[in-house]
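**Student:** Mind looking over this structure? Questions follow.
The values are calculated or read from the model by the stated rules, or taken from the named source; none is laboratory data. This one's a predicted model, so the numbers in the text were calculated from it and none came from an experiment. All Cβ positions, glycine included, derive from the backbone under ideal geometry; neighbour counts span all protein chains shown. Ligands, DNA and RNA are stripped out before the accessible areas are found, and what is left, the full protein with its side chains, is counted by its heavy atoms. Shrake-Rupley method; radii C 1.70, N 1.55, O 1.52, S 1.80 Å.
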Amino acid sequence: MTDGDANSHSRMVVIPWPFIKRKVECAGAAFLRYYNIKCHGEDTQSLTSTSKENIKEVIFEDDVEYLRSLDPKEWKRQDHYAVLGMKNLRYKATEDDIKRAYRQKVLKHHPDKRKAQGEEVRSDDDYFTCITKAYETLGTPNKRKSYDSIDPMFDDSIPTLAEIKKEGFFKAFAKYFEMNARWSEKRNAPLLGDDNSSREYVERFYAFWYEFESWREFSYLDEEEKEKGADREERRWIEKQNKAARAKLKKEEMARIRSLVDLAYANDPRIQRFKQEDKDKKLAAKRARQDAVQAKKAEEERLMKEALLAKQKAEEAEKARLEAARAEREQMKKNLRKERKSLRDLCKSNNYYSQNDNENIAHLAAVEKICEMMKVVELQEFMKELETNGREAFLKVMKETEEKLEAERKALFETKKVEDQKAKKNAILKAPIDWTPELTQLLIKAVNLFPAGTNQRWEVVSNFLNQHGTFVDERRFNAKEVLNKAKDLQSSDFSKSSLKKAANEEAFDQFEKDKKKAINNVDDSSISKSDTKLVNGTAKPKMNGDVGKEVGKEERPWTKTEQELLEQAIKTFPVSTPERWDKIADCIPNRTKKDCMKRYKELVELVKAKKQAANIG
């Protein structure tokens, strides 16, 4: 199996025909053991077997003099592993080792055992308390982790330059990385390796240690215990102080690890060798690039020279062509001037083919127009006709020239007219559409029909307005204009809304209709048959004031505009608004506070009735 097989965890097995190819996944204990040795440089199976063999060989020390020298009050400063007789085993001790060590200490140093042997034991100041505290600390996983983090036997130093020079790089740093690997959050931390380690292994090693995550924490060094606080505030203060101290120690620990890795990276002969190899590769690549650049530059220079020569030839040919064209134009101009002079001389010698002075002036101006309009060939043909037909040919050409000029003037005028109309139409189409009361009411209706959450809501609302609204030209609403108008209606002062103006006009029209209806109920003698009442047994006609009172007493129905004004006013002035119904009544013309409150109650009853009917259904 090759390195590539180990990295990909699979390989392609080729079996001779007629069998087919299959992709085999590497698995099993043997492969895992091989992969672990390849990646981490150690055999977990051999380590496990060694640890199992060591279980039987563990011997717990029993230093009575050390135990008697302990102060139970200072139990936190004692070496718990030394108290239980595991001074050399320390963090490698298993839970079973700790339990067995504690049992041995209890069997030998329990106060009752010692009293039975005639030893004087003081219950308040006996070293057995230190044994109990050691077991409580090491027998609890969290407390043991906290104590192991500040193990007094752990060496927090890093190798010096003198030590590196004396022992050599690999021997000096290997033990430090092995010691600090115990703090790694990730299992199987990679070891330093040797001088023959591959580049991939070395890069993985430093990548791991530069991103090293330590589980080491320093809660064991807390100066005060949180439980000793008298109240909650004091306990919080103690916890805050402890967290700050732990964070500081954690920061120092990570700086120490980083210093160790930096020092190793700076003195690693493999890294220096890799850098030199990279440098050589870069130099070789640079030389190759330089050679390629020089070759490319030479080729570019050759092509540039060829292109320059071709360009010069093309410029010379173009210059010759332009010169020939210029000479041709000059010759044409010269010929044109010559023919014009000939025409003028011919017309002048024939008195411009006129019969009086007025014609003379008109024909003179016509000659100049003809000269401007005609080309050389046309001028030559025109002079031949003049020599043959004389005045008739001149008048004919003069008339045709005038017609051509007039046609050109008309075409120019029409073109300018079309452009002006197009510009005017564009300006009209760009101008915003005026929001009439009908369009505003239609917008309110559309907003209610398509509530928030509708897919592409404002495009739908604008299409609704364009479909159902009345427009005087081709302008139509877009989503942005509709959205801006909706925001404006929501944030504007409702008492100044255009809907209120529309309602005022509608109310006045309704008043005029009621007034006409009241007048139509009166006959020619100004006394209505139905509008008489008995006074002292005789019929008395109703006066205009009486008619007005009875008309006023009739309950006038709410129009659609008034209903919309009421609904928006209720939304504008919430329940918390002082004098709410007075302000609502001010927004609705010809409606009193009492009318608004009565209408609101009717609407509430109607909604309740609909809900009740829906529940029953």
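**Student:** Which of rounded, prolate or oblate describes region 238-303 when judged by the alpha-carbon gyration tensor and an a/c cut-off of 1.5?
**Tutor:** oblate
**Student:** Using a 1.4 angstrom probe on the protein heavy atoms only, line up Trp435, Trp237 by accessible area, largest first. Please report the intermediate quantities before stating the final value.
**Tutor:** Details: Trp435 65, Trp237 135 Å².
From most accessible down to least: Trp237, Trp435.
**Student:** Return the distance in nm (one decimal) between the two label points of a simple spin-label model at Lys341 and Glu474, each offset 7 Å from Cα along Cα→Cβ.
**Tutor:** The answer from the label model is 5.7 nm.
**Student:** Given a 1.4 Å probe and every protein chain left where it sits, what share in percent of the accessible area of region 551-592 is carbon and sulfur? List each step's numbers first, then the result.
**Tutor:** Numbers: 1360 of 2560 Å².
Roughly 53 percent, rounded to a whole number.
**Student:** Using only protein heavy atoms and a 1.4 Å probe, report how much of Lys279 is accessible, in Å² to the nearest 10.
**Tutor:** That residue has around 120 Å² of solvent-accessible surface.
**Student:** Over region 182-248, what is the relative contact order in percent, taking alpha-carbon pairs closer than 8 angstrom and at least six residues apart?
**Tutor:** Dividing the mean separation by the residue count of region 182-248 yields 30 percent.
**Student:** Moving on to the next point. Expressed as a whole number of Å, what is the distance separating the alpha-carbon centroids of region 281-327 and region 449-485?
**Tutor:** Answer, in whole Å: 62.
**Student:** Give me the accessible area per residue for region 301-458, probe 1.4 Å, as a whole number in Å². Can you show the working numbers first?
**Tutor:** On the way: 12070 Å² over 158 residues.
With the other protein chains kept in place, region 301-458 gives 76 Å² per residue.
**Student:** With the dipole of region 270-361 worked out from charges on the C-beta (+1 for Lys and Arg, -1 for Asp and Glu) around the Cα centre, which of Ala298, Ile271, Ser354 lies farthest toward the positive end?
**Tutor:** Ile271
**Student:** Using the basic label-point model (7 angstrom from Cα toward the beta carbon), what is the Lys248 to Glu136 distance in nanometres?
**Tutor:** Placing both labels 7 Å along Cα→Cβ, they lie 2.8 nm apart.
**Student:** Let me ask something else about it. Using a simple charge model, +1 on the beta-carbon of Lys and Arg, -1 on the beta-carbon of Asp and Glu, nothing else, what dipole does region 338-432 show about its Cα centre, in debye to the nearest 20? Write down the numbers at each step before the final one.
**Tutor:** On the way: 20 positive and 19 negative charges, 136 e Å.
I would put it at about 660 debye.
**Student:** About its Cα centre, how strong a charge dipole does region 322-380 have in debye, to the nearest 20, once Lys and Arg get +1 and Asp and Glu get -1 at the Cβ?
**Tutor:** Numbers: 12 positive and 10 negative charges, 53 e Å.
Here the size comes out at about 260 debye.
**Student:** When the accessible area of region 136-282 is computed with all protein chains present and a 1.4 Å probe, what percentage of it is carbon and sulfur?
**Tutor:** Details: 4610 of 9080 Å².
Carbon and sulfur together cover 51 percent of it.
**Student:** What does the charge add up to near Lys313, with Lys and Arg as +1, Asp and Glu as -1, over the other residues with Cβ less than 14 Å from its Cβ?
**Tutor:** 0
**Student:** Using a 1.4 Å probe on the protein heavy atoms, what percent of the accessible area of region 352-459 belongs to carbon and sulfur?
**Tutor:** Ligands and nucleic acids excluded, carbon and sulfur give 54 percent.
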